[in-house]
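None of the figures in this text is laboratory data; all of them are computed from the coordinates on show. Treat the numbers as computed from the prediction; the structure is a model and nothing was measured. Positions of Cβ are generated from backbone atoms using ideal geometry, with glycine treated the same way; all protein chains shown enter the neighbour counts.
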Amino acid sequence: MKFMVQGKLENKKIGVLGGSFDPAHIGHVRISKLAKKNYDLSQVIWAITKQNPFKKNNPNDLYKRTAYAKKINKNNKFIKVKCFEEIIKSNRTVDLIKYLKKKFKHSEIFFLMGADNLINFHKWKGYNSITKMCKILVFDRNGYKSKAFRSKSFKKYNKKAVEFIKFNKVNISSSQLRKI
C-alpha cells in the first residue's frame, strides 16, 4: 500500500508520533487529537518502528501492530500509520525527521513524545539536530512529569525547542496492555 498524505501538505503543519505501538492505544489517539487541535496540524503521522533502539524486548509482529494502529484510527482520517524504516534505511528519529523535512519542504514538523522519552532524549542519536529541525511537543505520562522537568534535555532546550503539553492523561501504556 502506497503511503498517502492527506491533501497538499505544502506550508502545513505535520505531527509525527514515533514508537513501537505495541499495541497502539487510546493514549496515542488522544495526544494526536490534542496536538492536531492545539497546533492546527493537518496530519499526524504514526511512524511505527520495527524495534525501539532503547528496548531489549522484541515487539510483536510489525504487520499486526500496523494493522491494529490503522484499525483504531479508521475514524481519524488525519492520522496516517506507516513504517518508514525500509524507505530511510534507519530506525532513528533524526533520520525520519530529515526524510520528512525533505519530502515536505515547506511544512512545519512537530515531533510528539511522552514525558518518559524526554528523560533520555539526550541519549538519542542526533538529538541536537532533531531540536533544530522541529518543535518537540512533550505529553505528560503518570509518574514522569517531575523527572522530565529535571532532565538534561528540558534544562538545555526548555521552551526553545521543547514544549510541555498539559492534558488529561490516560492511565494506560502499551506495556500494561501486553500484560493483559
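Here the 3J(HN,Hα) profile of the stretch 18-35, calculated from phi with Karplus coefficients 6.51, -1.76 and 1.60 at θ = phi - 60°, is x, x, 7, 6, 10, x, 5, 8, 4, x, 4, 5, 5, 5, 5, 5, 5, 5 Hz, Gly and Pro shown as x. Its DSSP H runs of at least 4 residues, each contributing -39,500 (n - 2.57), put the calculated 222 nm mean residue ellipticity of the chain at -11000 deg cm²/dmol, to the nearest 500.
Volume per residue for the stretch 16-104 equals 100 cubic angstrom (convex hull of Cα atoms).
For TRP46, the residues whose modelled amide H falls within less than 5 Å of its own, excluding neighbours fewer than 5 places apart on the same chain, are LEU17, LYS80, VAL81, LYS82. For the stretch 37-87, the alpha-carbon coordinates run over 36, 21, 21 Å along the three principal axes, in decreasing order. Share of pairwise Cα-Cα distances greater than 21 Å in the chain is 47 percent (whole percent).
Sparse packing (at most 16 other Cβ atoms within 10 Å of the Cβ) combined with a DSSP loop state is found for the following trypsin sites (Lys or Arg not before Pro) in the stretch 76-116: LYS77, LYS89, LYS105. Rounded to the nearest whole Hz, the Karplus-based 3J(HN,Hα) values (6.51 cos²θ - 1.76 cosθ + 1.60, θ = phi - 60°) of the stretch 103-115 follow the sequence 5, 10, 3, 9, 10, 9, 9, 10, 9, 9, 8, x, 4, with x at glycine and proline. The TYR63 and PHE149 beta-carbon pair, evaluated with R₀ = 30 Å, returns a calculated FRET efficiency of approximately 0.20.
Relative to the Cα centre, the charge distribution of the stretch 13-179, modelled as +1 at Lys and Arg Cβ and -1 at Asp and Glu Cβ, gives a dipole magnitude of about 200 debye. Between the residues VAL81, ASN117, GLY27, the greatest Cα displacement towards the positive end of the dipole of the chain, with unit charges on the Cβ of Lys, Arg, Asp and Glu, is found for ASN117.
In terms of distances greater than 24 angstrom between alpha carbons, the cross-link table entries LYS102/LYS125; LYS56/LYS102; LYS12/LYS159; LYS36/LYS159; LYS74/LYS166; LYS13/LYS155 yield LYS56/LYS102; LYS74/LYS166; LYS13/LYS155. Given their separation in residues at 0.36 nm each and the Cα-Cα distance between them, GLN51 and ARG30 gain 5.2 nm when the chain is fully extended.
Divide the volume of the convex hull around the Cα atoms of the stretch 97-159 by the residue count and you get 76 Å³ per residue.
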